[in-house]
Amino acid sequence: MIEIERLAKQFRNAIEAAFESGEMRKHPPFSRFPNECCDLTCDLLGQYLSENDIETYQMNGKCEHDVQWHHVWLLTKDEIVIDITGDQFVNKLVSPKEVQAVHVGIEGKIHKIFDLERQPEKNTVFADPNEFTDFGGRPNKRQKTLMEVYEIICQYL
């Protein structure tokens, strides 16, 4: 778990550095990081962890207080929670003391709030051309965005 936490913090720091440099402004929703980009961020972090031999899947949940709110985080096969965007809910659903920018471990308070209609999903594959889903074997829009943003983030790792 220590290695997962180290990699997750490293990745979050790289996103923040890319955000601070202004490189994320042209890639919504990352222009609002960590707000409203938990799904795409999980795809990116899932790819990075996979490259470091840590397999994950996404957990999607709706808020028990308001089903219009949702959140996505990663889980390992051993059910270790990995979340680098939970702090987007500070002063909305949780206090600053109840959530961390990088959470690795058992479910935290924020994950318990998003306990309705939980759905495990695979991470989007965007680094393998054999997985591109657009006509003619080209990446679809989501995959293309993920490839571009991942390349930016990797410059800060």
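Nothing in this text is a laboratory measurement; each read-out follows from the coordinates by a stated rule. Predicted model, so just to flag it, every value in this text is computed and none were measured. For neighbour counting, all protein chains shown are included, and Cβ atoms are generated from backbone atoms with ideal geometry for every residue, glycine included.
Phi angles of the stretch 145-154 translate, via the Karplus equation with coefficients 6.51, -1.76, 1.60 and θ = phi - 60°, into HN-Hα couplings of 4, 4, 4, 5, 5, 4, 4, 5, 4, 4 Hz per residue; Gly and Pro are given as x. Ranked for footprinting exposure by Cβ neighbours inside 10 Å, fewest first, 115, 43 give 115, 43. Residue by residue, the stretch 117-130 carries 3J(HN,Hα) couplings of 6, 4, 9, x, 9, 6, 6, 5, 8, 10, 9, 10, x, 5 Hz when phi is fed to the Karplus relation 6.51 cos²θ - 1.76 cosθ + 1.60 (θ = phi - 60°); x denotes Gly or Pro.
Here the stretch 2-150 is assigned +1 on the Cβ of each Lys and Arg and -1 on the Cβ of each Asp and Glu. Its dipole about the Cα centre then comes out at about 460 debye.
Of the residues 150, 91, 37, the one whose Cα sits farthest towards the positive end of the charge dipole of the stretch 34-157 is 91 (charges of +1 on Lys and Arg Cβ, -1 on Asp and Glu Cβ, taken about the Cα centre).
Remark: for residue pairs 109/144; 109/141; 9/144; 26/92; 77/112; 62/109, the C-alpha separation exceeds 22 Å in 109/144; 109/141; 9/144; 26/92.
For the listed peptides 23-34, 61-72, a ranking on the average number of other beta carbons within 10 Å per residue, highest first, reads 23-34, 61-72. So for the stretch 2-150, taking the charge dipole from beta-carbon charges (+1 Lys/Arg, -1 Asp/Glu), which of 14, 68, 120 sits furthest toward the positive end? Farthest along the dipole direction, towards plus: 68.
Per DSSP H run of at least 4 residues, take -39500 (n - 2.57); add these up for the chain, divide by its residues and hand me the 222 nm value, nearest 500 deg cm²/dmol.
Numbers: 4 runs with 53 residues, N = 157.
Helix contribution divided over all residues of the chain: -10500 deg cm²/dmol.
Set the Cα radius of gyration of the stretch 89-157 against 2.2 N^0.38 Å, with N its number of residues, and you get 1.54.
P(r) tail, the stretch 23-100: Cα-Cα pairs separated by more than 17 Å, 50% of all pairs. The 3J(HN,Hα) values that the Karplus relation (6.51, -1.76, 1.60; θ = phi - 60°) gives for the stretch 60-72 are, in residue order, 10, x, 9, 6, 5, 8, 7, 5, 6, 8, 9, 8, 10 Hz. Gly and Pro appear as x. Note on the chain: Rg/Rh from C-alpha atoms, Kirkwood Rh, equals 0.95.
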